[in-house]
Amino acid sequence: MSQPDDAPILAVQDVSRRYSVRGGVRQALRGVTFTLAANATIAIVGESGAGKSTLTRLIAGFERPSTGAVLVDGAPAAVAPGKVAPVQMVFQHPAEALNRFASVGASIGEPLLRAPISRPERQARVEELLGMVGIDPARARDRPRAFSGGQLQRIVLARALAAEPRLLVCDEPTSALDVSVQAQIVNLLLELQEAKRFACVLVTHDLAVARVLADEVLVLRDGAVAEHTPADAFFEEPRSAYGHDLLRTTAAQTLNAPLRAAERVK
């Protein structure tokens, strides 16, 4: 059954996640609910241990919730062998996400191996993707060690976009980068989302990045939603006391100048 045009790409419905641990059960998430529309970005923020990583794994389909549901285009989020997932990940450390023994072109083209296209068409698509993220297509045969951290993050973005995902999950995509390079990646994400119209889940501890990229902010505390509000409203006046504390104790009040110069183009 096809989804209505205005249906959310992502629907997280009363999700809880429990893990069995020595001596009992650990409740990592409890009753998390939100939706995300096409071409929108939600920033998931909170202190370490708040449940951000667990929620990321559920959205990506790497794990299943203990209760509730995570739906992508109306279907349960899951990783299926032999199929290209509608959700793609961009990880914090790009070098670890790439095969160091393979060329970057081979890594980018890997999701296209299941597509009904010829080898020359796949090569052309890889070159197009490299150009899209600002890497010289002539470098497709180079291995990851030949690139800087910022260039590798661009390559990881190209690989994620090769599958034309409906939803991109970015897990701390700029935290391992220098400030000036952070700004380049932030602006690139804005440009790519405007061009490709994917939805984006941004998991970050850096509220400066969230302020530039996000349409909405979801604040997690001890596995539960402490606040879910439009981004502009959150950075103007958080609704929760915990949101106030989070904003006060992070770098969000002193945005890096290169990030401050980025503009939301939606």
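The values are calculated or read from the model by the stated rules, or taken from the named source; none is laboratory data. None of these values were measured; they are calculated from a predicted model. Methodologically, a virtual Cβ is constructed for each residue, glycine included, from the backbone with ideal geometry; neighbour enumeration extends over all protein chains shown.
A few remarks follow.
- Looking across segment 164-187, the residues that are surrounded by 19 or more Cβ atoms within 10 Å (Cβ to Cβ), touching a residue at least 40 places away in the same chain (Cβ under 8 Å) and of a type outside the set (S, T, N, Q) come down to Pro165, Leu167, Leu168, Val169, Cys170, Asp171, Glu172, Pro173, Ala183, Val186.
- Some residue of segment 212-230 being hydroxyl-bearing (Ser, Thr, Tyr) and either assigned by TED's automatic domain parsing to the domain that holds Leu112 or modelled with pLDDT under 95 (or both): no
- As for segment 125-138, it holds at least one residue that is in contact (Cβ under 8 Å) with a residue 60 or more places away in the chain and surrounded by 15 or more Cβ atoms within 10 Å (Cβ to Cβ).
- Restricting segment 85-117 to residues that are modelled with pLDDT under 85 and over 22 Å from the mean Cα position of the chain (by Cα), the residue that is surrounded by the fewest Cβ atoms within 10 Å (Cβ to Cβ): Pro116
- Unique match (being assigned by TED's automatic domain parsing to the domain that holds Leu213, in contact (Cβ under 8 Å) with a residue 60 or more places away in the chain, at negative phi and among the polar types (S, T, N, Q)) among Thr35, Thr41, Thr67: Thr41
- In segment 67-84, the qualifying residues are those that are more than 20 Å from Glu164 (Cβ to Cβ) and of a type in the set (Gly, Ala, Ser), and the one that is surrounded by the fewest Cβ atoms within 10 Å (Cβ to Cβ) is Ala69.
- Among the candidates Ile108, Ile117, residue that is in a loop (DSSP other than H, G, I, E, B), of a type in the set (A, V, I, L, M, F, W, C) and assigned by TED's automatic domain parsing to the domain that holds Val156: Ile117
Yes/no matrix, rows are residues, columns are (1) of a type in the set (S, T, N, Q); (2) over 27 Å from Gly46 (Cα atoms):
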position: Val70; (1), (2): no, no
position: Pro76; (1), (2): no, no
position: Val87; (1), (2): no, no
position: Ala97; (1), (2): no, no
position: Pro144; (1), (2): no, yes
position: Gln151; (1), (2): yes, yes
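- Answer residue from segment 36-66, given it is crowded, with 16+ Cβ neighbours inside 10 Å and among the polar types (S, T, N, Q) and is farthest from the chain's Cα centre (by Cα) among those: Ser66
- Any hit, segment 124-142, residues being among the basic types (Lys, Arg) and either under 24 Å from Ala176 (Cα atoms) or at pLDDT 95 or above (or both): yes
- Pairing residues of segment 195-210 that are on the phi < 0 side of the Ramachandran plot and of a type in the set (S, T, N, Q) with residues that are surrounded by fewer than 22 Cβ atoms within 10 Å (Cβ to Cβ) and in a loop (DSSP other than H, G, I, E, B), at Cβ distances under 9 Å and at least 6 apart in sequence or on separate chains, gives Thr204/Glu172; Thr204/Ser175.
- Candidates are the residues of segment 150-163 that are in contact with a strand residue (DSSP E or B) (Cβ under 7 Å, 6 or more places away or on another chain) and crowded, with 20+ Cβ neighbours inside 10 Å; the one that is nearest to Ala11 (Cα to Cα) is Ala160.
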